[in-house]
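**Q** Here it is: the structure, laid out below.
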Amino acid sequence: MKDIKFSFEDLKVYQSALDFVDSTYRTTNNFPKKEMFGLSSQFQRASVSIALNIAEGSGDTNSQFNRFLNISKGSIKECVVCSTIAKRLNYISEEIDQNNRQKLEELSKMTSGLQKYLNKSNV
């Protein structure tokens, strides 16, 4: 059977976003059960949103893709806040928070780089 692949799946930023989703789910599995519909859910949804918006915007016009990348960047910021709250509530360690921030900073840079490329292609 032929392996079906979509073009956005080759984007490094998309692959990094999926890696962050994996990390977020592993991290939130250790949150208190009372957070299942609170911070855990919000953190998971925000991380998933990063990858979803990259996928949804790719293959569209550059300006539309740029719009979806801006939404992804908003979700990246949301994940920073979720990680900060988790650290403040002692659900995660300082080390995990810093690791999250490092991954999110890299995702943000990759997203901005892709946006710059798309903007140059529009000229």
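The values are calculated or read from the model by the stated rules, or taken from the named source; none is laboratory data. Quick caveat, the model's predicted, so the values are computed rather than measured. Neighbour counts run over all protein chains shown; Cβ positions are idealised from the backbone, glycine included.
**Q** Checking the structure you have, find out if any residue of the stretch 34-47 is closer than 15 Å to Lys12 by Cα, among the aliphatic types (A, V, I, L, M) and in contact with a helix residue (DSSP H, G or I) (Cβ under 9 Å, 6 or more places away or on another chain).
**A** Here is the first cut: in the stretch 34-47, the ones closer than 15 Å to Lys12 by Cα are none.
Checking the stretch 34-47: not a single residue is closer than 15 Å to Lys12 by Cα, among the aliphatic types (A, V, I, L, M) and in contact with a helix residue (DSSP H, G or I) (Cβ under 9 Å, 6 or more places away or on another chain).
**Q** Could you figure out which of (1) out of contact with any Asp or Glu (no Cβ under 7 Å at 6 or more places or on another chain); (2) over 30 Å from Lys116 (Cβ atoms) isn't true of Lys87?
**A** (1)
**Q** Taking the stretch 28-39, which residues are of a type in the set (A, V, I, L, M) and buried (at least 17 other Cβ atoms within 10 Å of the Cβ)? Let's see the steps before the verdict.
**A** Restricting attention to the stretch 28-39, the residues satisfying the condition of being of a type in the set (A, V, I, L, M) are 36, 39.
Within the stretch 28-39, Leu39 is the sole residue that qualifies.
**Q** Find all pairs meeting these conditions: Cβ atoms under 6 angstrom apart; at least six residues apart or on different chains; first residue within the stretch 87-102 and surrounded by 13 or more Cβ atoms within 10 Å (Cβ to Cβ) and at pLDDT 95 or above; second residue of a type in the set (A, V, I, L, M, F, W, C) and part of a helix (DSSP H, G or I).
**A** Ile92/Ala86
**Q** Sticking with this one: Given Asp60, Asp97, which one is of a type in the set (D, E, K, R) and not in a helix (DSSP H, G or I)? Spell out how you get there, then give the answer.
**A** On the way: Asp97 fails: not in a helix (DSSP H, G or I).
Sole residue among the options that is of a type in the set (D, E, K, R) and not in a helix (DSSP H, G or I): Asp60.
**Q** Would you call Gln42 surrounded by 11 or more Cβ atoms within 10 Å (Cβ to Cβ) and without any contact (Cβ under 8 Å) to a residue 12 or more places away in the chain? Spell out the reasoning first.
**A** On the way: surrounded by 11 or more Cβ atoms within 10 Å (Cβ to Cβ): yes; without any contact (Cβ under 8 Å) to a residue 12 or more places away in the chain: no.
In short, no.
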